[in-house]
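Report on the structure given below.
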Amino acid sequence: MALSILLLDDNPDDRALSRRELERHFPGCAIREAGDRAAFEAQMAAGLAYDVIITDYQMRWTTGLDVLQRVKAHDAERPVIMFTATGTQEIAVEAMKLGLDDYVIKSPRHYARLPVAVRTCLDRAEIRARAIRSETRLSALLENIHLGVFRMSLDGRVEEANAALRTMLGRDLSPAEMAGHPLLAKVREKLPSLAKTLDAAEIQAQFESDPAGFRFYVVKLLRVRVNGHDAIDGIVEDATSLRRADAEIHRLNAELEQRILERTNQLEEANEALEAFGFSVSHDLREPLRTIQGYAHALRQDFGAGELDNLRNYIDRIDVIARRIDLMVSDLLEFARLSRAEIPTEIVRVAAAVGEAQAVLQAEPAYRQARIQVCMDPELSVKAHRLTLVQALTNLLSNACKFVRAGQSAAIVIQAVPEGRKVRIAVQDNGIGIDEAALGRIFNVFERLHGEEEYPGTGIGLAIVKKGVERMGGSVGVESTPGTGSTFWIALERP
Ligand code: ADP
């Protein structure tokens, strides 16, 4: 856009000479002349849209100082040059105080200085405008970023703080209160270490005061020298969410590691149990097989020697042992099935399950000879897989009937009582009891404390009870006094 100049002078010749000089230096510039009050007022009313205003000092209708004041009141940044033959040094000084941009003495020699003064004014105005633009941009940026920015004097006073910092520390804090905030108190402690210009430091601070947890800040400090005085510039980052995410990752990692550890232990235990199980199965199944081989060998020898008397006895024993192996294998299969199969639970009435177990045992002579007492609230229920519970109760009841003392008949009490969140079902007998040393073993597969002739069985009954109950989320146990009797119990969750 072409340069525009307002020329205030009541002498038409001076105006003409000024115009000539300006047009020579600024070809195409638009110069408006105002020689009287009306013309000046009209320009004021029109908004004074000129790049530079040049005014004489002594005019018939006003002075250059009045003009200057009016223009600067309208727009403090608008350049004004006083071009006068009548002004004094005092006037020049006063005008400068009021914001005059340049002062040129009007004489034939000085006309050439007028365009130079205009150029200088324009350059200065441009620099000023640029500075204002970048300052506006900077302060808008400072107010809108999410980083807290502040300047602190060396004695710890907060000189400036942006909106983000005010939000972080408490929006309504005065600068003095802000300086007392624990975060800025930490900054103040650091000030002595920033001895020289451009010395820098970083502070990390965590405060537990926040009700939702902690808040974590990172503060970067820089010692600066501004307009001849020293200060500290600070940038504050609220790194709480990063820190929280970090803490959460640590927590999850630790949890994961703990879970892996537990899972590894479980796997190791399962492996050991499997090994022990494999060993005992192969060992215990081989024993009856070896006996069969022994009878087969005896059969062959006696038959070869023509001694036929014992042959039927051998064949009967082989038959009995083979049936026993069959029983052991089918019990083992049942145990293996319980380990693998889905055991969904439902609400089962304990009294009904006990009734079913009794019905299963009805055909056994030992059961029919026993006196059985059932004591429980018929409505008492547990969370269980019905068939697995009936099987566990059948095995416990069958043992209670079987392990009786010589010459005695079994007296059994079946009880169920609520215990906290569980129900404890106990089968108490008056049988032979169990040695304390053996109590820990009897729930293992093939673990038996007696010979087959004394008390028949496969040694898997209690292992099936334990596995089944544990798969239903419950636990089992036994208390016993040798020669007096035993109480086996199952604890299952209440619905
Ligand atoms: P089984 O009854 O086939 O021998 P179990 O696994 O049911 O196998 O029992 C393991 C062992 O625990 C039994 O051989 C016996 O020595 C002991 N036992 C189980 N129940 C009782 C009981 N009620 N009284 C005394 N001993 C018992």
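In the stretch 338-377, how many residues are more than 16 Å from Gln391 (Cβ to Cβ) and among the acidic types (Asp, Glu)?
The total comes to 1.
Taking the stretch 361-378 as the search range and keeping residues that are more than 13 Å from Ala351 (Cα to Cα) and without any contact (Cβ under 8 Å) to a residue 40 or more places away in the chain, which one is least open to solvent (accessible area, probe 1.4 Å)? Spell out how you get there, then give the answer.
Kept after step one, since they are more than 13 Å from Ala351 (Cα to Cα), are these residues of the stretch 361-378: 361-372.
Filter once more, keeping what is without any contact (Cβ under 8 Å) to a residue 40 or more places away in the chain: 362-365, 367-368.
Working: Gln362: 96, Ala363: 80, Glu364: 83, Pro365: 81, Tyr367: 24, Arg368: 146 Å².
Only one residue fits best here, namely Tyr367.
Does any residue in the stretch 17-33 that is closer than 18 Å to Cys121 by Cβ come within less than 6 Å, Cβ to Cβ, of a residue that is open to solvent by less than 80 Å² (accessible area, probe 1.4 Å) and of a type in the set (Lys, Arg) six or more places away or on a different chain, and which pairs are these?
Sorted first by the residue in the stretch 17-33, then by its partner, the pairs are Ile31/Arg19.
Answer yes or no: is there a residue in the stretch 225-235 that is part of a strand (DSSP E or B), open to solvent by 90 Å² or more (accessible area, probe 1.4 Å) and either acidic (Asp, Glu) or modelled with pLDDT of 90 or more (or both).
Initial filter on the stretch 225-235 (part of a strand (DSSP E or B)): 225-226, 229-235.
When the remaining residues are screened for being open to solvent by 90 Å² or more (accessible area, probe 1.4 Å), the result is 225.
From what is left, the residues that are either acidic (Asp, Glu) or modelled with pLDDT of 90 or more (or both) are 225.
Yes, that holds for at least one residue.
Scanning for something within 16 Å of the ligand (Cβ to nearest atom), more than 17 Å from Val478 (Cβ to Cβ) and surrounded by fewer than 19 Cβ atoms within 10 Å (Cβ to Cβ), does the stretch 383-403 turn up at least one residue?
No, the stretch 383-403 contains no residue that is within 16 Å of the ligand (Cβ to nearest atom), more than 17 Å from Val478 (Cβ to Cβ) and surrounded by fewer than 19 Cβ atoms within 10 Å (Cβ to Cβ).
State which residue is nearest to Ala426 (Cα to Cα) when the search covers only the stretch 334-360 and only residues that are open to solvent by 70 Å² or more (accessible area, probe 1.4 Å) and assigned to a helix (DSSP H, G or I).
It comes out as Val360.
Which ones in the stretch 325-350 are out of contact with any Lys or Arg (no Cβ under 7 Å at 6 or more places or on another chain) and among the polar types (S, T, N, Q)?
Ser330 - this is the single residue of the stretch 325-350 that is out of contact with any Lys or Arg (no Cβ under 7 Å at 6 or more places or on another chain) and among the polar types (S, T, N, Q).
Of the residues Arg133, Arg119, Arg109, only one is touching a residue at least 12 places away in the same chain (Cβ under 8 Å), open to solvent by 80 Å² or more (accessible area, probe 1.4 Å) and part of a helix (DSSP H, G or I); which?
Values: Arg133 fails: touching a residue at least 12 places away in the same chain (Cβ under 8 Å); Arg109 fails: touching a residue at least 12 places away in the same chain (Cβ under 8 Å).
That would be Arg119, the only listed residue that is touching a residue at least 12 places away in the same chain (Cβ under 8 Å), open to solvent by 80 Å² or more (accessible area, probe 1.4 Å) and part of a helix (DSSP H, G or I).
Working only within the stretch 310-368, note down all residues that are of a type in the set (Asp, Glu) and either within 14 Å of the ligand (Cβ to nearest atom) or at positive phi (or both).
Asp331, Glu334, Glu364
Output the number of residues of the stretch 435-470 satisfying the condition of being open to solvent by less than 30 Å² (accessible area, probe 1.4 Å), part of a helix (DSSP H, G or I) and in contact (Cβ under 8 Å) with a residue 60 or more places away in the chain.
The number of residues fulfilling the criteria is 7.
Which of the residues spanning the stretch 69-82 are open to solvent by less than 20 Å² (accessible area, probe 1.4 Å) and either touching a helix residue (DSSP H, G or I) at 6+ places or on another chain (Cβ under 6 Å) or not assigned by TED's automatic domain parsing to the domain that holds Leu22 (or both)? Before the answer, list the steps.
Taking the stretch 69-82 as the starting set, the residues that turn out to be open to solvent by less than 20 Å² (accessible area, probe 1.4 Å) are 71, 79-82.
If the condition is that a residue be open to solvent by less than 20 Å² (accessible area, probe 1.4 Å) and either touching a helix residue (DSSP H, G or I) at 6+ places or on another chain (Cβ under 6 Å) or not assigned by TED's automatic domain parsing to the domain that holds Leu22 (or both), then Pro79, Val80, Ile81, Met82 are the ones that fit.
Any idea which residue in the stretch 35-65 is surrounded by the most Cβ atoms within 10 Å (Cβ to Cβ), counting only those that are farther than 21 Å from Glu77 by Cα and of a type in the set (A, V, I, L, M, F, W, C)?
Pass one, the stretch 35-65, residues farther than 21 Å from Glu77 by Cα: 35-39, 58-62.
Now drop any that are not of a type in the set (A, V, I, L, M, F, W, C), which leaves 38-39, 59, 61.
Working: Ala38: 10, Ala39: 15, Met59: 22, Trp61: 14.
Checked the stretch 35-65; the qualifying residue surrounded by the most Cβ atoms within 10 Å (Cβ to Cβ) is Met59.
How about the stretch 405-434: which of its residues are open to solvent by less than 30 Å² (accessible area, probe 1.4 Å), within 10 Å of the ligand (Cβ to nearest atom) and under 17 Å from Gln373 (Cα atoms)?
Residues satisfying the conditions are Ala410, Ile412, Val427, Asp429, Gly431.
The values are calculated or read from the model by the stated rules, or taken from the named source; none is laboratory data. Please read these numbers as outputs of a predicted model, since none were measured by experiment. With ideal geometry, Cβ positions are generated from the backbone for all residues, glycine too; neighbour counts draw on all protein chains shown. Quick note on the areas: whole protein, heavy atoms, side chains included, nothing else; ligands and nucleic acids left out. Shrake-Rupley method; radii C 1.70, N 1.55, O 1.52, S 1.80 Å.
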